[in-house]
1. Of the peptides 65-74, 394-403, how do they stack up when ordered by the mean number of other Cβ atoms within 10 Å, highest first?
2. The list (i) 66; (ii) 53; (iii) 50 gives values of percent of Cα pairs over 28 Å apart, and only one came from this structure; which label was calculated from it?
3. Report relative contact order for the stretch 243-459 in percent, whole number only (criteria: Cα-Cα under 8 Å, sequence separation at least 6).
4. Tell me the angle of helix 366-377 to the major Cα principal axis of the chain, expressed in degrees between 0 and 90 and rounded to the nearest ten.
5. Using 29 Å as the Cα-Cα cut-off, could you pick out the over-long pairs in Lys79/Lys210; Lys12/Lys264; Lys79/Lys271; Lys150/Lys394?
6. Using the Cα centre of the stretch 243-459 as the reference point, and only Cβ charges (+1 on K/R, -1 on D/E), how large is the resulting charge dipole? Debye, rounded to the nearest 20.
7. Which ³J(HN,Hα) values in Hz, rounded to whole numbers, follow from the phi angles of the stretch 404-412 under the Karplus curve 6.51 cos²θ - 1.76 cosθ + 1.60, where θ = phi - 60° and Gly and Pro get x?
8. Would you mind calculating the relative contact order of the stretch 30-178 from Cα pairs under 8 angstrom and at least 6 residues apart, reporting the percent as a whole number?
Amino acid sequence: MQLNTTELLNSKHYSIMAITVLCSTVAFFDFISFVYLADLFSLIFFGNQDDVWIGYLQTFFLLITGYLARPVGGLLFGKYGDTHGRKPAFMLSILGVMITTLLVALLPTYQQIGIIAPLLLMVARFGQGVAIGGALPAAWTFIVEHLPIKNIGLGCGLVCASSMLSYLVVIGLVGFLQDTLTSTQMLSYGWRIPFLIGGTLGLVAAFLLKNLPETTVFDNITKPIASLKSYIDSIHLQEQPNSATLMPSEQFSLHHAGLLVILKSIVVRHKLSVIISVLISFIIGSSAIYLPALIMPLLASHYQISNEYLYFGSVIGLIFLMLGSIMFGYLTDRFGAGRVLAFGGLLLITQVMIFFHHLQNGGSLILLCFALLGLSNGLIGALPSIMTRIFPAKVRMTGLGICYNTTIAVIGGILPFVLGYASFYFSFAPALYLAVVGMLAIFLSFFMYYTPRSERDLNR
């Protein structure tokens, strides 16, 4: 396929972006609802516990179950997307999130069926984690393979912004319910409302997605004339696919290969892509978890700042993180990934220093600092368009699903406890962690200074 840098966004592209963003927003809304209702779930599904640490342990296992399931979903939906199509894999992941979310909304409580209730909740949470593991890689792949090459950064930035929008919607809805309903009503039926809403919206999103076409890239690699149909290859990023470049011993059918064989093949044959994707996923996961979920408890325990300021600051930070994701995605299309990563890394380090220095010296402009910190963390919007292109089309969703979800599972399970423990002895640990994330972005910029921007690297 020839390079096409003149194609403009049209109504079809806008529809694809809007529906993809809606699907990813709904999927994350359902997944994140657990985080903000975890304390209620500890009472509803595990019963009253005399020991506080047992309640914390139950909440931990509830949250970690969803993260541990994500690599499984990334591998399963990734293989399905690479063999049967991006669109069906995306639809199945959204339907999976919808079904498991509605299941949670309808579950009986501990008072009704005893110990079976938490077991059912764990199963539903695991299933939801599997489904969400396929949603984001599918969304990134689907939007990248549909949009003109010069707009894929913007498309991926919008998808990243959708996860931040999910946080904002969940915070607003849960806050509204808690202000409107009594504690008894929340324990009785109020907690079910977000999951009923999320499950219903998931059905709407899947219906809209059904009307979109499959990507041209996937159609091309499944045509009979396509080179190496259904084969995993070890082609370098700069090379053009050619059946002569691979010996028969270097290829096997992706359709019939087992999951462990596929996992081993991708790790062995695409080492550089895997390493870069894991590092990129580390940056995305750190920023996406740190500001929305961790910054409030970390700051509250070490700095003299009111809960009201923390709450409004985190909301403002999320809004600017969402805007920053779109901005950095757009800048990637205009100036290239390497320059944007270097600029974004320097901006993040600078804003981290300003933010925590300001906290140490009174914090009168803390809301402005939250906004700037959120904007700099919007660097995550520049990253998926890089990660998507470094895997060949024949294994794109599988590679993304494995690398991203495995990294997120590690960060989601470990980061809250590591940062909490480290900040207990060193109050500046949260700032140091974000500074390391910024330095990693600068480090990656040297490797990404030139990333192919032709349609060839999407179709290889």
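Throughout, read-outs are computed from the coordinates displayed, never taken from laboratory work. Since the structure is predicted, the reported quantities are computational estimates derived from the model, not experimental observations. Cβ coordinates were reconstructed from backbone atoms using ideal geometry, including for glycine residues, and neighbour counts include every protein chain displayed.
1. Highest mean packing first, the order is 394-403, 65-74.
2. Working out percent of Cα pairs over 28 Å apart from the coordinates points to (iii).
3. 33 percent
4. Taking Cα atoms only, the helix is inclined about 20 degrees.
5. Listed pairs above 29 Å: Lys12/Lys264.
6. The dipole magnitude comes to about 560 debye.
7. Rounded to whole hertz, the list is 5, 6, 5, 5, 5, 4, 5, 5, x.
8. Averaging sequence separation for qualifying contacts and normalising by length gives 32 percent for the stretch 30-178.
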